[in-house]
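The values are calculated or read from the model by the stated rules, or taken from the named source; none is laboratory data. Small disclaimer: the values here were computed from a predicted structure and weren't measured. Using ideal geometry, Cβ is built from the backbone for each residue, glycine included, and neighbour counts are taken over all protein chains shown. Side chains included, ligands, DNA and RNA excluded: accessible areas come from the protein's heavy atoms. Shrake-Rupley method; radii C 1.70, N 1.55, O 1.52, S 1.80 Å.
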Amino acid sequence: MTSRAADVAQESTDALEPLLRQEIVRITEAEASSSVTQVLLSPQRLRTICAHAMEDLLALARRDPAAGSSWRYVWDSYIAYRATLAYRVAHAIHQAEDTPLGQDVRLAVARRVSEVAKVRTGVEIHPAARIGRRLIIDHGLGTVIGETTVIGDDAYILQGVVLGARGIADNPNGRRHPRLGDRVEVGAFARILGAVTVGDDVLIGPGIIVTTDVPSHRRVRLLNQYQGTSGECNVRVFGVVPVCEGVVEVHGTGLAAIEVDLVTSTGQHRPVVVLERDDRRVRCAVNRPGTDERLRIIDTCGNETVLYNLQQLWRALDEFGFA
């Protein structure tokens, strides 16, 4: 261990709680009067916010190698941490139903705290989102976490991540955002959309679009802009090409025993007729799908590979005249 590592390993957290308390009060007083702040930040609520915010900070200092295990370094320089701190404040205020203040006051103050944090940090977390302990948002710029999102403990989320709804306008009032289990890691620019459930210990690779449930202990990674794979897959898919109208071929290795179907935009499965197969090629009869339909491949271990945007295959057929 280097001398610097030894120094930060011994770094005391005695000074951290006073800093957190002062900053939590400052954040709230910036959006509410001192008297309203005093009501919102009861001693018990302030202690709870401090405890969660301290765990977030220490987790980031420990898990991000660039932080050098120093909470002081993170506190002094990591804007992304300020996003999680603001969320802890906003969420506590949003949920403070035991105060004599009206709901409109609480919700407005919570939302203002969130909006100011969005401008300052580039991270938007709705105050109503329910997030477990030791939340880490690293880098963070462009990350959005929607109102009905639920995240378990020990999440690690990078920049440009969207935990959002499937629709744009006029979404339903009920659950419309993802539910993530414990110890989920989400790579940069991944998008998890809709009321899907992601299990415990899942790693969502960068650039993935997830619109269906992901079981626990899976790794979802991008093959190319139209392809993704989930799990430690013994099937390798190199690509899918159109052969002629209504027929496509999947190319790769370990394909002899795979299952193939289409996942519709509503999450239902539509069968695919397999015409020919061997270890390196599977020829399938596939009618032209709707825009949101995707080809799904399942190997013998239950791991799945989803090939996104089959419309691209048909465009290639039309433009380049595959026959």
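Which pairs turn up if I take residues in segment 243-269 that are more than 13 Å from residue 212 (Cα to Cα) and of a type outside the set (A, V, I, L, M, F, W, C) and look for partners that are at pLDDT 85 or above and outside any loop (DSSP other than H, G, I, E, B) with beta carbon separation below 6 Å, at least 6 apart in sequence or on another chain? Close Cβ pairs (under 6 Å, with a partner that is at pLDDT 85 or above and outside any loop (DSSP other than H, G, I, E, B)) amount to 246/285; 249/281; 249/283; 251/281.
Quick check on segment 66-83: of everything there that is of a type in the set (D, E, K, R) and over 22 Å from residue 187 (Cα atoms), which residue is most open to solvent (accessible area, probe 1.4 Å)?
Here the answer is 76.
The requirement of being more than 30 Å from residue 157 (Cβ to Cβ), modelled with pLDDT under 85 and of a type in the set (S, T, N, Q) is not satisfied by residue 234.
Within segment 125-143, the set of residues being open to solvent by 50 Å² or more (accessible area, probe 1.4 Å) and on the phi < 0 side of the Ramachandran plot comprises 130, 133, 141.
So if I check each of 111, 63, 45, which one is of a type in the set (D, E, K, R) and under 17 Å from residue 22 (Cβ atoms)? Walk me through how you get there before you give the answer.
Numbers: 111 fails: under 17 Å from residue 22 (Cβ atoms); 63 fails: under 17 Å from residue 22 (Cβ atoms).
Criteria check complete, one pass: 45.
Candidates are the residues of segment 109-138 that are within 13 Å of the chain's Cα centre (by Cα) and acidic (Asp, Glu); the one that is farthest from residue 88 (Cα to Cα) is 138. Could you please let me know if residue 114 is in contact (Cβ under 8 Å) with a residue 24 or more places away in the chain and either in a helix (DSSP H, G or I) or β-branched (Val, Ile, Thr) (or both)? Answer is yes for this residue. Once segment 163-195 is narrowed to residues that are under 11 Å from the mean Cα position of the chain (by Cα) and part of a loop (DSSP other than H, G, I, E, B), the residue that is farthest from residue 142 (Cα to Cα) is 181.
Is segment 151-168 home to any residue that is farther than 27 Å from residue 120 by Cβ and out of contact with any Asp or Glu (no Cβ under 6 Å at 6 or more places or on another chain)? Checked segment 151-168: at least one residue is farther than 27 Å from residue 120 by Cβ and out of contact with any Asp or Glu (no Cβ under 6 Å at 6 or more places or on another chain). Being in contact with a strand residue (DSSP E or B) (Cβ under 8 Å, 6 or more places away or on another chain), more than 13 Å from residue 39 (Cβ to Cβ) and modelled with pLDDT of 95 or more, is that true of even one residue in segment 91-101? Checked segment 91-101: at least one residue is in contact with a strand residue (DSSP E or B) (Cβ under 8 Å, 6 or more places away or on another chain), more than 13 Å from residue 39 (Cβ to Cβ) and modelled with pLDDT of 95 or more. The C-beta contact set for segment 163-176 (first residue within 19 Å of residue 264 (Cβ to Cβ) and without any contact (Cβ under 8 Å) to a residue 24 or more places away in the chain, second residue assigned to a loop (DSSP other than H, G, I, E, B) and basic (Lys, Arg), distance under 8 angstrom, 6+ apart or interchain) comprises 167/176. Comparison of 106, 63 shows that the only residue that is open to solvent by 40 Å² or more (accessible area, probe 1.4 Å) and not aromatic (Phe, Trp, Tyr) is 63.
Table: residues versus (1) hydroxyl-bearing (Ser, Thr, Tyr); (2) within 32 Å of the chain's Cα centre (by Cα); (3) modelled with pLDDT under 75; (4) more than 22 Å from residue 216 (Cα to Cα).
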residue: 238; (1), (2), (3), (4): no, yes, no, yes
residue: 246; (1), (2), (3), (4): no, no, no, yes
residue: 251; (1), (2), (3), (4): no, yes, no, yes
residue: 268; (1), (2), (3), (4): no, yes, no, no
residue: 272; (1), (2), (3), (4): no, yes, no, yes
residue: 280; (1), (2), (3), (4): no, no, no, yes
residue: 298; (1), (2), (3), (4): no, yes, no, no
residue: 311; (1), (2), (3), (4): no, yes, yes, yes
